[in-house]
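Some notes on the structure that comes next.
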């Protein structure tokens with residue numbers, strides 16, 4: 001079984017919504033890193049030298065490769081990434097190898113066999 005890592009940077013207030021949507025699309029778990037910061041094409045607005053930016057979370061999903069695109073698209077739709085600049089971003093990268101995922105493999109075997 002092959003995996004992909006989906007990394008999503010989302011506004012704090014949308015994190016739970018994205019986590020629930022990813023799980024309903026096939027993700028079997030996640031890791032959340034709080035208080036991520038980033039910068040897009042345009043710099044963040046400042047007020048008296050203080051940066052005004054929305055708190056972001058980094059959400060990590062190790063998912064089976066046949067499910068990854070659907071999960072990625074669901075995340076983008078629920079978070080509203082394409083609605084306006086600066087909302088967030090999500091992308092996937094190949095995972096060469098993973099350990100500690102035996103329970104996920106058992107859970108996903110039937111689901112993936114149906115997709116193939």
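The values are calculated or read from the model by the stated rules, or taken from the named source; none is laboratory data. Just so it is clear, the structure is predicted and the values come from calculations on it, not from any experiment. Note that we place each Cβ from the backbone using ideal geometry, even for glycine, and neighbour counts take in every protein chain shown.
Couple of notes before you dig in:
- Scanning the stretch 95-116 for residues that are under 14 Å from residue 5 (Cβ atoms) and in contact with a strand residue (DSSP E or B) (Cβ under 6 Å, 6 or more places away or on another chain), we see that the one that is modelled with the lowest pLDDT is 98.
- Total residues in the stretch 68-90, condition closer than 14 Å to residue 3 by Cβ and surrounded by 15 or more Cβ atoms within 10 Å (Cβ to Cβ): 3
- Here residue 93 passes the criteria (1) surrounded by 15 or more Cβ atoms within 10 Å (Cβ to Cβ); (2) farther than 12 Å from residue 11 by Cβ except the one numbered (1).
- Residues within the stretch 58-116 that are under 13 Å from residue 25 (Cα atoms), under 12 Å from the mean Cα position of the chain (by Cα) and outside any strand (DSSP E or B), tallied: 11
Residue-wise test of (1) in a helix (DSSP H, G or I); (2) touching a helix residue (DSSP H, G or I) at 6+ places or on another chain (Cβ under 8 Å); (3) at positive phi.
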position: 4; (1), (2), (3): no, yes, no
position: 7; (1), (2), (3): no, no, no
position: 13; (1), (2), (3): yes, no, no
position: 19; (1), (2), (3): yes, no, no
position: 26; (1), (2), (3): no, yes, yes
position: 34; (1), (2), (3): no, yes, no
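- Subset of the stretch 64-75 that is out of contact with any strand residue (DSSP E or B) (no Cβ under 6 Å at 6 or more places or on another chain) and modelled with pLDDT of 95 or more - its residue that is farthest from residue 16 (Cα to Cα): 69
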